[in-house]
Ligand code: SF4
């Protein structure tokens, strides 16, 4: 581990690419089966109009133009970083396989792009897509990011995720069989979830062949259905102190080898209704690191065997 009490993304990328690595968020122009009527029309309860890709580049631009824009934003910060093209917005395996191939390969052909990370739903990995991913995995660094959010079936129904836990478990095994590293997205602060519910989700991930995790705070965005529940008093967001203590518990309960790709979320300040403290990201991370140090918390110390 580096000087952090958890396996950080920075350390992991340095092991792989040997230098600073920047992720460029892309919008490949895909949609989502939870929005186009295939399994739902209103999307997940918390999902914004941007389909969880509020910070992705502009879908009206080509993939190459988006990558070049992303590179320009990092050029004054880092000299010659490695780049990972991150297909972030909506469901990035939800299209005919030839369209997927074209878009992924365009990203990979951009100068400096040394890897690709593809965010998708566990119910959008049919055999032909798995074959394509397997092929890509032979020629570049590939990660597939699955939006689990929670392992609790009631909670998953409440947020309208659209599939049961078994679908996620199958997706993880299908990817693991092909040696494709999996990053799981988990949301902290979901309505009706307790500390125990969240730690059950961490235990579930520990039992699976998963290589990475993103812990994200639930944001109430003005263009999501959660906003209505929040405005009617039906949802109380976590306080900063509650969030930090919950993240501390997650880190302690998480398998030591799992890379932590994210410890908080980026809410779009133009649409974020709550919690507003999350906009001060540097302050949240500093407080979290202090909390971990003060409480002697390190990753894996409380893993259940
Ligand atoms: S799966 Fe992702 S893009 Fe689709 S509705 Fe849910 S959060 Fe939005």
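As a proxy for reagent exposure, ranking 184, 247, 284 by other Cβ atoms within 10 Å from fewest up yields 284, 247, 184.
Going by neighbour counts of Cβ atoms within 10 Å, the residues 78, 277, 143 line up, fewest first, as 78, 277, 143.
Relative to one another, the C-alpha centroids of the range 19-37 and the range 145-171 are positioned 19 Å apart. Given a Förster radius of 51 Å and the C-beta distance between residue 60 and residue 287 as r, what FRET efficiency does 1/(1 + (r/R0)^6) yield to the nearest 0.05? Using R0 = 51 Å, I get an efficiency of 0.85. Normalised by 2.2 N^0.38 Å, where N is the number of residues, the C-alpha radius of gyration of the range 1-86 stands at 1.38. Per residue of the chain, the DSSP helices (runs of n ≥ 4 H) give a summed -39500 (n - 2.57) that works out to -11000 deg cm²/dmol at 222 nm.
The base-10 log of I(q)/I(0) for the chain, evaluated at q = 0.07, 0.11 Å⁻¹, reads -0.25, -0.65 [Debye formula, identical scatterers on Cα atoms, solvent excluded]. Modelled spin labels at residue 135 and residue 276, positioned 7 Å past Cα toward Cβ, are 5.1 nm from each other.
Largest GNM mean-square fluctuation across 272, 190, 132, computed for the chain with C-alpha springs under 10 Å, falls on 132. Would you mind computing, in nm to one decimal, how far apart the modelled labels at residue 10 and residue 302 are, each placed 7 Å from Cα along Cα→Cβ? Result for the modelled spin labels: 2.6 nm. For the pair residue 98 and residue 173, a Förster radius of 35 Å applied to the C-beta separation gives a FRET efficiency near 0.85, rounded to the nearest 0.05.
Taking label positions 7 Å along the Cα-Cβ direction at both residue 256 and residue 74, the computed distance is 3.0 nm, reported to one decimal.
Averaging Cα coordinates gives a centre for the range 82-114 and one for the range 239-303; these two points are 29 Å apart. Global size of the range 171-273: 15.1, 46 Å for Rg and Dmax (C-alpha atoms, Rg to one decimal, Dmax whole).
Out of all DSSP beta bridges with both ends in the chain, state the antiparallel percent to the nearest 5. Here the share of antiparallel DSSP bridges comes out near 5 percent. Here 219, 261 are placed in order of increasing Cβ neighbour count within 10 Å, fewest first, which gives 261, 219.
Quick one: length gained pulling residue 42 to residue 154 fully straight, 0.36 nm per residue minus the C-alpha distance? Mind showing how you got there, number by number?
Values: separation 112, 0.36 × 112 = 40.32 nm, distance 1.82 nm.
So the chain would gain 38.5 nm between residue 42 and residue 154.
Laboratory data are not the source of any read-out in this text; all were calculated from the coordinates shown. Everything numeric here is computed off the predicted structure, so don't read it as measured data. No Cβ is skipped: glycine too gets one built from the backbone with ideal geometry, and neighbour counts run over all protein chains shown.
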